[in-house]
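Please treat every number below as a calculation from the coordinates, not as lab data. Only a predicted model underlies this, so the values are computations on that prediction, with no experimental measurement involved. When we count neighbours, we look across all protein chains shown, and the Cβ atoms used for this are built from the backbone with ideal geometry, even at glycine.
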Amino acid sequence: MGAPSKRRNARYTPLPVDGPLPIDMVRAVPAIRRDPLAYLGRVTARYGDLVAFPLPRTPVLLVNDPGAALRVLQDNHRNYDKATVQYRSLAMVTGAGLLTSDGEAWLRRRRQAQPGFHPAGLPSVAVAAVAAAHRMRAAWDAMPDGTPLDADAAAMHATLRVVGQVLFDVDVDTDLAGAAEAVIAAVAEALHLVVARARSPLAVGLLSSLPTPSRRRMTRANATLDAVCYDLIRRRRQVGEHGDDVFGLLLRAGLSDAELRDELVTLVIAGHETVASALTWTLHLLAGAAAVQDRLHEELDSVLGRRDPAWADLPALPYTRAVVDEALRLYPPAWVLTRRALDRDTLAGVEIPAGTLVLVSPWLLHRRAAAWPDPERFQPGRFLGRGTGSLARRAGYLPFGAGPRLCIGRDLALVETVCILATLLRDRCIVVPPGHGEPRVDALVTLRPRGGLPLLLNRR
């Protein structure tokens, strides 16, 4: 890296790091909107693992160095908060929920919810996941022979059922009285608008209070979520028996209806949207990798035969878990994380000033050839054997974040995904329908296949 005076971008950023000029950013706007993942890949290929973006007034640093990423998220996490456009935009849907809150408010809410994610509850997660997977199988069976099912939509329904049962003690198909489709659509619409606003910072400020079409759509989506959440809160308060699920714990903690609404929406998004993304891309990768699917079937045949998995089976399914881990490497649901530096710090040998906006992209980190040979290849064996945990740390494997703000539902998500996968494929194979190619990736709040993901689930 040359001296700052020799860098073309030196006059546009206080960061001693190379990066695009303002005119480059203007020209790249269409490409960024069309495919932000490809754009991030191009700038790191050109400028290296640290890239300075010339945004006015705020130093912006893209970090693609594993050690620097872990310093931001874990080793020096107290120096970085969530006062960023990404989380301000998301808060338009979730309010001050666990995902977007910070400081003491976040810590208090995390402690209130934490018992609901205790490992003792994971066997019930496995039961709920198996039941949801059977509903997915039934949906495939109901299709005419040779007709694919949208695996993305099916995963959305399945994970909403698990979240409802495990976190809220709600049977989505009965207690929501047909509102499940409306909830899924409202979440999708709201998150689409969140992304649009996050990519246009002006919209978050100046335009956010104007009655624009997108603002009206956001209002309608939030109204749907409000109606469902407040109805659940009303009914749960009437029962008076709060239980040990997360919903019950938050009720016992004395949260107001508005605070409960924010947490319910947060948990639906964090526990439904993200897990559905992980499951969707796992199925996609398996459908295109016959050898991997054959090895998965060998393990499922050996351990399960033709029966469903249970919690006690999971230690005997290491390859099934590795398939999920590798899918999360290639398609991490949370593909970008943002933090703001409260004080100056040093990242990968570069001093950054207070107020710097730091971007960490698991999508990029998980594709660094130095850490992951042949990084685009779907190879679950990477996650087998001793030392996998230390390798993942050194390589910056961050599908659930890192540090104190590591996703509270990580273990729940992994158990759920493994159990659904094992239930779906214990006697079946997932296949790409004739005429369907590689799906385009939409980098929204999570990674989604544009236009859905048609797949066949055939008996084997």
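A few notes on this one:
- Distance between the 7 Å Cα→Cβ label points at R237 and R42: 5.3 nm.
- P(r) tail fraction, segment 85-166 - alpha-carbon pairs more than 15 Å apart, %: 70
- The stretch between T346 and A290 holds 15.6 nm of extra length on full extension. This uses 0.36 nm per residue minus the Cα-Cα distance.
- Sites L21 and R368 - FRET efficiency at Förster radius 30 Å, r taken between beta-carbons, to 0.05: 0.75
- Per-selection metrics, segment 20-167 (Cα): Rg and Dmax in Å: 21.4, 59
- Helices in the chain, meaning DSSP H runs of at least 4 residues, each add -39500 (n - 2.57). Divided by all residues, the mean residue ellipticity at 222 nm is -15500 deg cm²/dmol.
- Placing unit charges on the Cβ atoms of the charged side chains and taking the dipole of the chain about its Cα centre, the candidate lying farthest along the positive direction among L191, L149, L414 is L191.
- Each Lys and Arg adds +1 at its Cβ and each Asp and Glu adds -1 at its Cβ; summed about the Cα centre, segment 58-459 shows a dipole of about 920 debye.
- Note on segment 9-91: Cα convex hull, mean projected area over all directions, 6.3 nm².
- Spin-label model, R252 to D411: label points 7 Å out along the Cα-to-beta-carbon direction sit 1.8 nm apart.
- Here, P(r) means the percent of Cα pairs in each 5 Å bin from 0 to the largest distance; for segment 392-460 it is 3, 12, 13, 16, 21, 17, 11, 5, 1, 0.
- Förster radius 41 Å - calculated FRET efficiency between R57 and A227, Cβ distance, rounded to 0.05: 0.55
- Exposure proxy order (Cβ contacts within 10 Å, fewest to most) of E181, E416: E181, E416
- In this simple spin-label approximation, N79 and D175 carry label points 7 Å from Cα along the Cα→Cβ vector, and these lie 4.4 nm apart.
- Where a label projected 7 Å from the Cα of D150 along Cα→Cβ would reach, residues of segment 269-294 with amide N under 19 Å: 269, 272-285
- Peptides 56-67, 126-137, ordered by how many other C-beta atoms sit within 10 Å of their residues on average, highest first, read 126-137, 56-67.
- Mean Cβ count within 10 Å, highest first, over the residues of peptides 397-406, 225-234: 397-406, 225-234
- Computed over every Cα-Cα pair of segment 210-309 and binned at 10 Å starting from 0, the pair-distance distribution P(r) comes out as 13, 26, 22, 20, 18, 2, 0 percent.
- Highest-first packing order for the peptide set 361-369, 284-292, 417-425, 25-33 is 417-425, 361-369, 284-292, 25-33, based on the mean count of other beta carbon atoms within 10 Å.
- Taking the empirical scaling 2.2 N^0.38 Å for compact globular proteins as reference, segment 58-459 has a Cα radius of gyration ratio of 0.97.
- Dimensions (Å) - segment 310-460, Cα atoms, principal axes, largest first: 58, 37, 29
- Paramagnetic label reach from R460 (point 7 Å along Cα→Cβ; backbone nitrogen cut-off under 12 Å): within segment 264-291, residues 286-291.
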